[in-house]
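The values are calculated or read from the model by the stated rules, or taken from the named source; none is laboratory data. Note that the structure is predicted; figures quoted are calculated from it, not measured. Reconstructed Cβ throughout: ideal geometry from the backbone, glycine too, with neighbour counts over all protein chains shown. Each accessible area value is taken on the protein alone, full model and side chains, heavy atoms only, with ligands, DNA and RNA left out. Shrake-Rupley method; radii C 1.70, N 1.55, O 1.52, S 1.80 Å.
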Amino acid sequence: MVRDMGLFDGLLGGRANRFDSGNAATTAVELTKRRPRISLTKQGAATGHLRINLSWRMRTSDIGGPARQSLLRHPLKALKPPEVLGHGQSMVDVDLDLGCMYELADGTKGVVQPLGNLLGDVNAPPYVKLSGDDRFGSGSGETLYINLDQWNAIKRLLVFVYIYDQTPAFDRTHAVVTLYPSSGPRIEIGLDERQPQARSCAVVLIENVKGEVIVHREVRFVYGFQSELDHLYGWGLQWGRGYKSKTGR
């Protein structure tokens, strides 16, 4: 029986979990338009915890940055690339969030995301857990954990990124989603397409194809939020407006 979960529905679990971080391999595989697909099963990485991390930085050229300096006084400045700094409180307030829509083999559907405190569970359905909410673009970013040892219970997962504060800013951030399998190289997907009006992006679709773990790069930007991504991929969930609790640094 299919049970659609809305934005404010709770998830089973909630007990503290310890996660495998996966191997931080020195090499990386980049999924691109020309090479959008990879099989974790074929590379022997379809077990353990798949770690998916979102990190982003702000470009100073897009947020004001330091005052311009004369090239006559500093001629070497012309050869120096624009400085990229980590997002701080004094900069433009951009809050990128990582989320995941899931569909299990028994037909259960839902979402794991910061809004509504829907953080999931890695040891019980949906076998997806969000580590927390990074509101400032720190080095650690936001991380999802997927329990691939329960892969037979999962049909498909859509990992997405959205802007919580409703300010379109994908064109001002350098965002990267990185997958860390339990073995083998990490997998990187850059959100580097300039979409100044977009508020959400479907990043990667992970599907169970006859038991095989298939990762497919999507990088499809939309002007709306989760409900628009839901419609695009035919998830069929019911969505309502959600908020985060206030916090300070």
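Here is a check on your reading of the model: is residue 99 touching a Phe, Trp or Tyr at 6+ places or on another chain (Cβ under 9 Å), at pLDDT 85 or above and buried (at least 23 other Cβ atoms within 10 Å of the Cβ)?
In short, yes.
Among the residues of region 142-172, which ones are at pLDDT 95 or above, β-branched (Val, Ile, Thr) and out of contact with any Phe, Trp or Tyr (no Cβ under 8 Å at 6 or more places or on another chain)?
Across region 142-172, the qualifying residue is only 159.
Anything in region 46-82 that is farther than 16 Å from residue 176 by Cβ, of a type in the set (A, V, I, L, M, F, W, C) and modelled with pLDDT under 95? List them, or say none.
Passing the criteria: 63, 67, 71, 72, 76, 78, 79.
Only one of 181, 196 is over 13 Å from the mean Cα position of the chain (by Cα), crowded, with 18+ Cβ neighbours inside 10 Å and farther than 24 Å from residue 108 by Cα; which?
Going through 181, 196 in turn, the sole match is 181.
Criterion first (closer than 21 Å to residue 130 by Cα, assigned to a strand (DSSP E or B), under 14 Å from the mean Cα position of the chain (by Cα) and modelled with pLDDT under 95) does residue 175 satisfy it?
yes
Taking region 199-223 as the search range and keeping residues that are in a loop (DSSP other than H, G, I, E, B) and either in contact with a Leu (Cβ under 7 Å, 6 or more places away or on another chain) or not hydroxyl-bearing (Ser, Thr, Tyr) (or both), which one is least open to solvent (accessible area, probe 1.4 Å)?
211
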